[in-house]
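Here the structure comes first, spelled out in structure tokens, and everything after it is commentary.
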Amino acid sequence: MLVLFLPVFLFFLMVGLPVFFGLLFAPGILLWLNGQERDLTLLYRNLYNGMDSFPLMAIPFFMLAGELMNRGGITLRLVEFSQALMGHFRGGLAHVNILSSMLFAGLSGSAVADTSALGSMLIPAMEKQGYTRRFAAAITAASSVIGPIIPPSGIMIIYAYVMGESVAALFLAGIVPGILVGTGLMVVVKLMADRYDFPVASRRHTWGERGQASLKAFFPLLTPVIILGGILSGVFTPTEAAAVAVAYALIIGLFVLRTLKFSELGDVLSKAGITSAVVLLLVGAAMSFKTVVSLSHAPELLADFILTLTENPLLLLFLINLLLFAVGMFLDAGPAIIILGPILGPVFTSLGVDSVHFAIIMCVNLTVGLATPPMGLVLFVAASVSGEKVETISKAILPFLAVEIFVIMLITFVPAISMTVPRLTGFVN
């Protein structure tokens, strides 16, 4: 009976039950019906144990760092820097939106933070320049998925925690795929700009103006260098790196740029705390859910079923991409990784797929799911920021989703894209 955990969970999602409660109620009801009341205590004990982890402390710290930088006007400096570089192109503000997302990804590692911070600035600006609101919201949502791909990345920290992988190796493996997604989106914007005669955001900036914009953005752009440099050199762990990012954001905002006030810290801490609580509760519930997954022997059953379809690793990777894409439409990336990682990871490593390579396939695919209709989280955030309906944003985002799916397939079948950087740095053999 426990094998029914997934259908019951999906049923709860379909009737509108929040994901957190669905992750607990579905296995809880099945354990009770199966006469395993004793395991119910294990289920709810794991809710706390799933959150009680030093590596996971990196998530609230990165959330806080992103919130501090956003409140301190650092996001605005990144947008101005992007506009100085790309604003003079046709469709310039759309390009600025994408480049800003790529730069902001190195600060927060969160797609939701990206959509909220950049969308509140760029969606109204794009509308004033003549873009439709739904297009502005769609490009903001589509580019925000770069946030969890380019390091630091919250979902990669979760994957490393669940599967015992190196956080540094996953961070390095995400750099090129994140840049590819951003470049692909820019190509789509260029094609659409030529066809629909998109407006030019600004005149071509002089090299002096670009230099000034670069100086203003210097301290924000130094953040990912400090984070990655510290982790890769072994100076501090990913969790310590996240804490350093918070300290750096505080120093820059309060004392260097002086764009952040002490009176604003209470609200910043409150927002970061609420966002972190949501993520950690989902992780804890997903770890409880994972308990029933192991009790039901579903991983072994699914592995046997997958191998009856074909033993060709390439065909299996294609099929799993379809599965992950479907899952990403309905389930947030963090819980999906915790539930499916232990099931699918061992199957593919046994077939010779590198564990880091599979991790990137899974993380990128489920991240793109955040912007995929009907339940993509960033679609709802973009709708909230823009005031546009989710349905209209969902239609406008389809060309951008197509290029992101293409990049997923490239990552899947050309392992060198994600594996070259970690191999060159010695984090993967």
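The values are calculated or read from the model by the stated rules, or taken from the named source; none is laboratory data. None of these values were measured; they are calculated from a predicted model. With ideal geometry, Cβ positions are generated from the backbone for all residues, glycine too; neighbour counts draw on all protein chains shown. Please note that ligands, DNA and RNA were not included when accessible areas were found on the heavy atoms of the full protein model with its side chains. Shrake-Rupley method; radii C 1.70, N 1.55, O 1.52, S 1.80 Å.
Conditions (1) open to solvent by 30 Å² or more (accessible area, probe 1.4 Å); (2) over 28 Å from residue 195 (Cβ atoms); (3) in contact with a strand residue (DSSP E or B) (Cβ under 8 Å, 6 or more places away or on another chain), marked per residue:
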residue: 61; (1), (2), (3): yes, yes, no
residue: 65; (1), (2), (3): no, yes, no
residue: 76; (1), (2), (3): yes, yes, no
residue: 79; (1), (2), (3): no, no, no
residue: 85; (1), (2), (3): yes, no, no
residue: 95; (1), (2), (3): no, no, no
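Being open to solvent by 20 Å² or more (accessible area, probe 1.4 Å) and touching a helix residue (DSSP H, G or I) at 6+ places or on another chain (Cβ under 9 Å) is the filter here; which residues of segment 108-134 pass it? 112, 113, 116, 120, 121, 124, 125, 127, 129, 132, 133, 134, listed by residue number.
Read through the list (1) acidic (Asp, Glu); (2) at pLDDT 90 or above; (3) open to solvent by 10 Å² or more (accessible area, probe 1.4 Å), then give the number of the only condition that residue 332 fails. Unmet for residue 332, out of (1) acidic (Asp, Glu); (2) at pLDDT 90 or above; (3) open to solvent by 10 Å² or more (accessible area, probe 1.4 Å): (2).
For (1) polar (S, T, N, Q); (2) in contact (Cβ under 8 Å) with a residue 40 or more places away in the chain, each residue gets a yes or a no:
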residue: 116; (1), (2): yes, yes
residue: 124; (1), (2): no, no
residue: 137; (1), (2): no, yes
residue: 141; (1), (2): no, yes
residue: 144; (1), (2): yes, yes
residue: 151; (1), (2): no, yes
residue: 159; (1), (2): no, yes
residue: 174; (1), (2): no, yes
residue: 196; (1), (2): no, no
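Inclusion of residue 104 among residues that are over 26 Å from residue 195 (Cβ atoms), open to solvent by less than 10 Å² (accessible area, probe 1.4 Å), in contact (Cβ under 8 Å) with a residue 12 or more places away in the chain and not in a loop (DSSP other than H, G, I, E, B) is warranted. Among the residues of segment 342-356, those that are among the small types (Gly, Ala, Ser), open to solvent by 10 Å² or more (accessible area, probe 1.4 Å) and modelled with pLDDT under 90 comprise 350, 352. When segment 183-211 is examined, which residues are found to be surrounded by fewer than 15 Cβ atoms within 10 Å (Cβ to Cβ) and of a type outside the set (D, E, K, R)? If the condition is that a residue be surrounded by fewer than 15 Cβ atoms within 10 Å (Cβ to Cβ) and of a type outside the set (D, E, K, R), then 183, 187, 191, 196, 206, 207, 208, 211 are the ones that fit.
For the condition modelled with pLDDT of 85 or more and assigned to a helix (DSSP H, G or I), what is the one hit in 139, 146? Give the derivation first.
Values: 146 fails: assigned to a helix (DSSP H, G or I).
Answer to the check: 139.
Residues in segment 225-272 that are under 21 Å from the mean Cα position of the chain (by Cα) and among the acidic types (Asp, Glu): 240 only. Residue pairs whose Cβ atoms lie under 8 Å apart, sitting 6 or more positions apart in sequence or on different chains, and linking a residue in segment 357-372 that is crowded, with 24+ Cβ neighbours inside 10 Å to a partner that is of a type in the set (D, E, K, R) and not in a helix (DSSP H, G or I), are 359/165; 370/332.
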